[in-house]
Amino acid sequence: MTSLTDRRILLGVAGGIAAYKTADLVRRLRERGAEIRVVMTPGAQEFVSPLTFQALSGKPVHTDLLDTAAEAAMGHIELAKWAQLLLIAPVSANLLAKLAIGFADNLLTTLCLASEAPLVLAPAMNQAMWQHAATQANVQTLQQRGAQILGPASGSQACGDVGPGRMLEPNLLIERIATLFTPQTEVGQLTGKHIAITAGPTREPLDPVRYLSNYSSGKMGFALAAAAHHAGAEVTLIAGPVDLPTPRGVKRIDVLNALEMHAAAKQAADHCDLFIAAAAVADFRPQQISSQKIKKSEGNIEGTLRLIKNPDIVAAIAKRNHKRPFTVGFAAETEKLIKHAREKLSRKKLDMIIANDISDPDNGFNSDYNQVVVIDHEGEYSMSAALKSELAAALLEKIVARAFK
């Protein structure tokens, strides 16, 4: 049984019949040694009394944003700083929508904006509500910001429907929560370390309206940046053109093409301890960029596009003799995954390479999931398919164990 001794968990409870499970969750979390503070929305109080959670947690229950006594000492900010983990169980469809938009209309939603603690959400709602496109879009937005979504499970629901929407059982939730505290890269471990990460694609312009690029979404690099910040590192994220929110606490530098990314990477590498090249940088760029839109005229239909090589950013960092950080590359391959990755590891003089098969439509480019093989000069380690937000913490643990051993 995993201990949660002295772990500080701020537990939010939203309105829903599943709130009765949360009472048992509080009891079991305390049995594992966790310290619990409970925050209830007005809707939650219609299902379970605050007195129940007070008795089970051994602490006063927080319900009001504008509590005069508490706010005299900036109570909601103190709660936000106190938490090592912000868990909401259950989280309703309404609350998911509020969190995705960034509402702060009650104590719980305000705490979600004020706290830098990892956010973990255990949804519970009617199966049709869960599967609705709006709810799924809100879930995706929250995942991109680093929130962990646990569940929901499928089964019979209080309304009589059958399908996905049941909150996970307390024991399963606790085991999943416990894993968030077990990685070596826990809060504070990387304090004093500076990590630079590249993410996303580059765009190499042909003319004012066209460019060469690839399908990289940037999600893996952004997830790594969030995990590194959570572990206490100072993080510089050099991002190609992606539509992703900046992880909290991360310094972001936006670039468009490979030359811009190269310049930003060289500058960041001068001051970093660890450089992770997760970006999918275009290997080539047009030799000439037309100042006007290239017309589909007869003279251009069979024209030749001349390309020149872009700088190999990660290889340039890895081959430094001065101010060289521990350097990690990525190998996105469609065949002979291990062979090609090992060749890159050697040729580019990397310390480690993360290989993934992008021919699998369920993993890699544009997916929320990834499945990788970690390869260094001592061996290789396969990691099972997981959400990129979850995989990032495990990947960072492997990298840190080698970089700062």
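A few points about this structure:
- Filtered residues of the stretch 1-20 (kept if in contact with a helix residue (DSSP H, G or I) (Cβ under 6 Å, 6 or more places away or on another chain) and within 24 Å of GLY43 (Cα to Cα)): GLY12, VAL13, ALA14, GLY15, ALA19
- Qualifying position, being out of contact with any Lys or Arg (no Cβ under 6 Å at 6 or more places or on another chain), open to solvent by 20 Å² or more (accessible area, probe 1.4 Å) and not in a helix (DSSP H, G or I), among ILE276, ILE289: ILE289
- Just so you know, in the stretch 35-59 the residues that are open to solvent by less than 40 Å² (accessible area, probe 1.4 Å), touching a Gly at 6+ places or on another chain (Cβ under 7 Å) and not in a strand (DSSP E or B) include one that is farthest from GLY15 (Cα to Cα), and it is THR41.
- Scanning the stretch 144-167 for residues that are farther than 16 Å from SER92 by Cα and loosely packed, with under 15 Cβ neighbours inside 10 Å turns up GLY155, SER156, GLY160, ASP161, VAL162.
- Residue match in the stretch 79-89 (condition: within 17 Å of the chain's Cα centre (by Cα) and without any contact (Cβ under 8 Å) to a residue 60 or more places away in the chain): no
- Residue in the stretch 193-202 that is part of a loop (DSSP other than H, G, I, E, B), surrounded by fewer than 21 Cβ atoms within 10 Å (Cβ to Cβ) and at pLDDT below 90 present: no
- Residue, most open to solvent (accessible area, probe 1.4 Å), within the stretch 316-368, restricted to residues that are assigned to a loop (DSSP other than H, G, I, E, B) and of a type in the set (A, V, I, L, M, F, W, C): PHE365
- The stretch 42-66 residues that are within 14 Å of GLY16 (Cα to Cα), paired with ones that are part of a helix (DSSP H, G or I) (beta carbon under 8 Å, 6 or more apart): GLY43/ASN94; ALA44/ALA19; PHE47/ALA19; PHE47/TYR20; VAL48/ALA19; VAL48/TYR20; VAL48/THR22; VAL48/ALA23
- Of the residues making up the stretch 244-268, those that are part of a loop (DSSP other than H, G, I, E, B) and at pLDDT 95 or above are VAL255, LEU256, ASN257.
- The stretch 224-243: number of residues that are at negative phi and assigned to a loop (DSSP other than H, G, I, E, B): 6
- Checking each residue in the stretch 64-90 for being among the polar types (S, T, N, Q) and at pLDDT 85 or above picks out only GLN84.
- Among the residues of the stretch 114-165, those identified as without any contact (Cβ under 8 Å) to a residue 12 or more places away in the chain and in a helix (DSSP H, G or I) are ALA133, GLN136.
- Restricting the stretch 374-385 to residues that are closer than 20 Å to LYS219 by Cβ and modelled with pLDDT of 85 or more, the residue that is surrounded by the fewest Cβ atoms within 10 Å (Cβ to Cβ) is MET383.
- Residue in the stretch 277-289 that is under 29 Å from ASP357 (Cα atoms), among the aromatic types (Phe, Trp, Tyr) and touching a Leu at 6+ places or on another chain (Cβ under 7 Å) present: yes
- Subset of the stretch 92-113 [in contact with a Ser or Thr (Cβ under 7 Å, 6 or more places away or on another chain), open to solvent by 30 Å² or more (accessible area, probe 1.4 Å) and assigned to a helix (DSSP H, G or I)]: LYS98
- Residue that is in contact with a strand residue (DSSP E or B) (Cβ under 9 Å, 6 or more places away or on another chain), of a type in the set (D, E, K, R) and over 30 Å from ILE17 (Cβ atoms), where the choices are GLU204, GLU169: GLU204
- Neighbours by Cβ (under 9 Å, 6+ apart or cross-chain): first from the stretch 386-405, crowded, with 18+ Cβ neighbours inside 10 Å; second modelled with pLDDT under 80 and part of a helix (DSSP H, G or I): GLU390/THR179; ALA393/THR179
The values are calculated or read from the model by the stated rules, or taken from the named source; none is laboratory data. What you see is a predicted model, and the numbers here were worked out from it, not measured in a lab. Cβ atoms come from the backbone with ideal geometry, glycine included; neighbour counts cover every protein chain shown. These accessible areas exclude ligands, DNA and RNA; they are computed on the full protein's heavy atoms, side chains included. Shrake-Rupley method; radii C 1.70, N 1.55, O 1.52, S 1.80 Å.
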